[in-house]
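I have placed the structure first, in the form of structure tokens, so that the comments after it can refer back to it.
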Amino acid sequence: MATEDSSYVPPTEVDIAMIKRLIPHRYPFLLVDKVKDIVAGESCVGVKNVTSNEPHFEGHFPQEPVMPGVLIIEAMAQAAAVLVGATLDLADKGMGTYFMSIDKCRFRNKVVPGDVLELHMKTLRGGGKIWKFEGRAIVNGVLCAEAEVMAMLNRTDNG
């Protein structure tokens, strides 16, 4: 993929500091702790360490905390946005990846505090302004959720 700097080599893993340079989300809505196994333009695995002190568990549900399904899908979308940003060298460039659609969404198993949620994202369509991904949320090898998500690249700095 062409970037302004032709010497750019996309990373295969990004930490939380780089994630914050690639996507605008912050606590309590930053739902990806790292992204690994990045194959530029093709796939990645986002990692979310689920902890009991997250604000949604106070009400979902107090006696049996379960990560809301919509947040699992949002975590998938954030992992995908990091893949796009890492692929296209978008850190600190005023570009964002904005959610457009969710299709074929299914929830299979609960995600609870203590789980390490892996977000396996595979590009179905990409390279331009519109990207589409197939996502699977997995804990300890068990499928918890799956969906197709689509997003669009757009400026975030009104420039």
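Only the coordinates and a few stated rules stand behind these numbers; no lab work does. Model, not experiment: these values are computed from the prediction. Glycine gets a Cβ as well: all are built from the backbone with ideal geometry, and neighbour counts include every protein chain shown.
A few remarks follow.
- Within the option set Ile138, Ile130, being touching a His at 6+ places or on another chain (Cβ under 8 Å) and farther than 13 Å from Ala79 by Cα holds for one residue only, Ile138.
- Residue check, Ser52 in a strand (DSSP E or B), farther than 26 Å from Glu13 by Cβ and either touching a Cys at 6+ places or on another chain (Cβ under 9 Å) or among the small types (Gly, Ala, Ser) (or both): no
- Matching residues in the stretch 123-139 - criterion: being within 21 Å of Asn154 (Cα to Cα) and among the basic types (Lys, Arg): Arg125, Lys129, Lys132
- The stretch 113-135 - residue that is touching a residue at least 40 places away in the same chain (Cβ under 8 Å), buried (at least 18 other Cβ atoms within 10 Å of the Cβ) and not hydrophobic (A, V, I, L, M, F, W, C) and, of those, nearest to Thr51 (Cα to Cα): Asp115
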